[in-house]
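Notes follow the structure.
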Amino acid sequence: MKRIDYNEKVSELRKSGLCCAQIVVNAGLDIRGEENPQMVRAARTLCSGMQNQKTCGALTGGALMLGMWDAPKTGAMVRELDNWFETEFTTSACAKLLQMKKTDEHYSCANLIRASINKCQDILSAQGLIEE
């Protein structure tokens with residue numbers, strides 16, 4: 001399994017109707033060379049902050065992506081992703097991120113998705129689970 005550049009594909013998938021968590025899950029499946037439409041469909045429940053603007057779907061989708069590897073250190077990898085997200089974006093609350101994106105593109109949904117996918121790949125690579 002190799003790292004993939006998903007930066008361009010994020011916009012394409014958003015235009016197709018997939019939401020944040022679905023795109024991140026889709027990226028994990030692509031890296032694994034797998035398809036699982038049911039899993040991508042189920043990830044929709046995590047979008048828009050679990051449908052109530054709570055925890056960002058790019059983060060919860062990232063937790064699912066990391067979980068696809070069922071590695072002994074999955075819990076540590078998810079904690080690393082969560083700590084990084086909170087540091088990088090100051091919050092994981094969808095409602096706050098949506099407010100912040102009004103004045104700063106750094107907090108846009110597309111950027112959160114891209115950054116989460118890239119960070120998940122960094123974590124997986126550091127664990128030797130995917131190649132650079």
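No lab work stands behind these numbers, since they all come straight from the coordinates. All values reported here derive from a predicted model rather than from experimental measurement. For neighbour counting, all protein chains shown are included, and Cβ atoms are generated from backbone atoms with ideal geometry for every residue, glycine included.
Within segment 52-95, if we keep just the residues that are basic (Lys, Arg) and out of contact with any Cys (no Cβ under 9 Å at 6 or more places or on another chain), the residue that is nearest to residue 14 (Cα to Cα) turns out to be 79. Among the residues of segment 90-132, those that are out of contact with any Asp or Glu (no Cβ under 7 Å at 6 or more places or on another chain), without any contact (Cβ under 8 Å) to a residue 24 or more places away in the chain and assigned to a helix (DSSP H, G or I) comprise 96, 99, 100, 101, 105, 106, 107, 122, 126.
Regarding segment 101-121, can at least one residue be identified that is under 28 Å from residue 32 (Cβ atoms), over 16 Å from the mean Cα position of the chain (by Cα) and surrounded by fewer than 16 Cβ atoms within 10 Å (Cβ to Cβ)? No, segment 101-121 has no match at all.
Exactly one residue among 61, 57 is free of Cβ contacts under 8 Å to residues at least 40 places away in the same chain, in contact with a Leu (Cβ under 8 Å, 6 or more places away or on another chain), crowded, with 20+ Cβ neighbours inside 10 Å and not hydrophobic (A, V, I, L, M, F, W, C), and that residue is 57. Is it the case that residue 10 is in a helix (DSSP H, G or I) and either within 21 Å of residue 122 (Cβ to Cβ) or among the basic types (Lys, Arg) (or both)? For residue 10, the condition - in a helix (DSSP H, G or I) and either within 21 Å of residue 122 (Cβ to Cβ) or among the basic types (Lys, Arg) (or both) - is met.
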